[in-house]
Structures are given as structure tokens and as C-alpha cells.
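Take a look at the structure below.
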Amino acid sequence: MSTACGNRNVPSSLLTKLEAPILASVLGAIPPIAGLLAGWWGSLPWKSDTWIPRCALTGLAIGLLIDALFLRRWFRRRYAISWLVWLGAFVFYSVGMFGFFMGMPAFNVTLALPAGLVVGGKLAASNCDSDCGRRIIRRACISTTGVLTAVCAASATIALLHPSTASELQHMLNLGFEVTSAHLVSLIIVGGGALLVLQWTLTAFVARRTWQAWLDSPGRLSDSVR
């Protein structure tokens, strides 16, 4: 394992303390958010100012009920949940962040933290050796960075198709020169590339440190794989 993780720059106790609230929040937020959005968008065809909030709140309540019934079980078995389900959750939050921050992809990089926690925990729970762990971490980095690539591509498309993006950027940053299309394209390429590198690096870093953290306290994994 030491070959996979290298020096322990992050204390194991910090990661194990962060793991429970972050992953509980990740799992627990999905049903109410999905219910709220389903109720909201599902009621739009009715075009009723009365029914739209009612349906949205009903969806939210159903999501909270699902959490009350199942969240504890999901969290206890979090490392037995399949990779595809976790990937679906990652895509769900990536799309949600993209919409919430109005197409600004920089905030999507923060999803590397829960992604790394999941990967590291699942590696420890499955007793992976160093070679297997490196392969899985690499695949996880490819997956998370691939999703961010799609997000960046969507953001770049919106920015380039919007005729006032350059002028809005100039005023937002209070720049003393005119922002041209060439400046915008350069910013997209350099900024997008930096985000992708950061996403890959953070996912791998958190996964490796979390893996080591769980190996340092193996008894705490028992409830997660039952």
C-alpha cells in the first residue's frame, strides 16, 4: 500500500472525520433534490402558479421520507454500493452544480473530494492490493475528469454562442482593455485545461489518502460492507 499512497501528508483522522458527514450528505441530498426538481418541472405544463410550488414541495417531502426510511441503510452499506451507482450520483451533482452556478464549471472541481472519499473507501473495503488500487484510481480519475470535460464543453459552447459574453467578462473583471473572441477562446482553453488537471489530481490525491486512512483504522469499515 505504501507504493500507492506515498507520504502521508494528510492525517488519517482528518479524512475519517470528513468521510461520514460528506458521504451522508451526498447520499441524503439526492432524493429530496430529485423529488423537488421532478415536482417542479413535472408541473410546469399545467402553468399554474398554485400547483407548481405544491408539486415541488410534495416531491421534496417524498424525497425526505425516502431518506428517513433508507438513508441509514444506504450509508451503512455505502462501500457495497456499485461503482455505476456512485458514477450516476457524480453525474447528478455535476449537472446540478453546472445549473446552479449558471454554467461556471470551476465549482465542479469540488466534487473530487467526495469522489476520492468513495474510491478510497471502496478500495479499503475490498482489500485491494497496490496494483489493483492504482488501476481503479486511474479509472476513477478518467471518469470524473471525463464528466468535467463534458461540463467544460457545454460551458464553452454557451459562452461562445452568447454574443455578449466577452463584454460581460470585461465589465465583470473591470478590465481596462477590450476582451475579444481570441481572448475568450484562450481563456476557455487554458482555464478548462487547468480545471481538468486539477480534477484528476485532486481525485487521485483524496482517493489515495482515504485508502490509507481506512487501512489505518480497518475496524471502522465493517459496517460499510455488510
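The table below lists the values:
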read-out	value
By average C-beta atoms within 10 angstrom, highest first, the peptides 156-164, 197-205, 98-106	197-205, 98-106, 156-164
The chain - percent relative contact order, Cα under 8 Å, separation 6 or more	31 percent
Cα-centre dipole for the chain with unit charges at Cβ (Lys and Arg positive, Asp and Glu negative), debye to 20	900 debye
Rg followed by Dmax, in Å, when region 42-96 is reduced to its Cα trace	15.3, 43
Spatial separation of Cα centroids for region 86-145 and region 17-68, in angstrom	23 Å
For region 121-226, alpha-carbon Rg over 2.2 N^0.38 Å	1.57
Principal axis dimensions, largest first and in whole angstrom, of region 134-187 by Cα	48, 21, 17
Global size of the chain as Cα Rg and Dmax, reported in angstrom	20.5, 61
Kyte-Doolittle at least 1.6, axis length at least 15 Å by Cα - qualifying DSSP helices, the chain	83-100
At 1.567 mPa s and 4 °C, Stokes D of region 67-158 from Kirkwood alpha-carbon radius, µm² per second	90 µm²/s
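Every number in this text was worked out from the coordinates using simple rules, so none of it is lab data. What you are looking at is a predicted structure, and each value in this text was computed from that prediction instead of being measured. As a convention, Cβ positions derive from the backbone with ideal geometry for all residues, glycine included, and neighbour counts pool all protein chains shown.
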